[in-house]
Amino acid sequence: MCIFCDIIDKKIPSSCVYENDYVYCFNDINPVAPVHVLVVPKKHFEDIMDIATNEECAFYMGEVAKAVNEVAKIKGLEEGFRVINNCREMGGQTVKHIHFHVIGGLKLTEKMI
Ligand code: AMP
Ligand code: ZN
């Protein structure tokens, strides 16, 4: 269905950080920080706007939030980190399968907000 579905199905190799029945978390191939993990629901939803019309998407987003917590602990980010979701064209989303970037391992200073 998409490149992240292929990664989840192990058709494309990736570096797994954490997974359970609902989420797959793996190292970004083009990291912008010492820690850059993608947290991805195992079911294909296009973007965060799906949550409004899709109950199942809402459920998976809860699991994504829990997985962010797990990744932060695994990667030793208890002092802080940033979570980014790029949504649709204007948000710079390149892979049309909802995902959250967990970025950390350095003091993050470049802020838009
Ligand atoms: P976005 O621009 O928010 O849609 O993020 C897509 C992210 O997927 C980028 O940060 C890419 O570096 C990352 N990416 C694309 N292909 C792969 C891959 N095969 N393995 C790991 N990360 C990937
Ligand atoms: Zn997909």
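Figures for the structure shown
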read-out	value
Residue within segment 40-53 that is closer than 15 Å to Glu19 by Cα and touching a residue at least 40 places away in the same chain (Cβ under 8 Å) present	yes
From Pro41, Pro34, residue being away from ligand 2 (no atom under 16 Å from the Cβ) and either of a type in the set (A, V, I, L, M, F, W, C) or touching a strand residue (DSSP E or B) at 6+ places or on another chain (Cβ under 8 Å) (or both)	Pro34
Candidates Asn20, Asn30, filtered to the one that is among the polar types (S, T, N, Q) and in contact (Cβ under 8 Å) with a residue 40 or more places away in the chain	Asn20
Strands (runs of 3 or more DSSP E) wholly inside segment 1-51 containing at least 2 residues that are open to solvent by 30 Å² or more (accessible area, probe 1.4 Å) and more than 12 Å from ligand 1 (Cβ to nearest atom)	16-19
From Ile84, Ile74, Ile12, Ile103, residue being away from ligand 2 (no atom under 14 Å from the Cβ), of a type in the set (A, V, I, L, M) and over 14 Å from the mean Cα position of the chain (by Cα)	Ile74
Residue that is free of Cβ contacts under 8 Å to residues at least 24 places away in the same chain, outside any loop (DSSP other than H, G, I, E, B) and open to solvent by 60 Å² or more (accessible area, probe 1.4 Å), where the choices are Glu78, Glu56	Glu56
So Gly62, is it assigned to a loop (DSSP other than H, G, I, E, B), away from ligand 2 (no atom under 16 Å from the Cβ), more than 23 Å from Ile12 (Cα to Cα) and not hydroxyl-bearing (Ser, Thr, Tyr)	no
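The values are calculated or read from the model by the stated rules, or taken from the named source; none is laboratory data. This is a predicted model, so every value here is computed, not measured. Cβ atoms come from the backbone with ideal geometry, glycine included; neighbour counts cover every protein chain shown. Areas reflect the complete protein model, heavy atoms only, side chains present, ligands, DNA and RNA absent. Shrake-Rupley method; radii C 1.70, N 1.55, O 1.52, S 1.80 Å.
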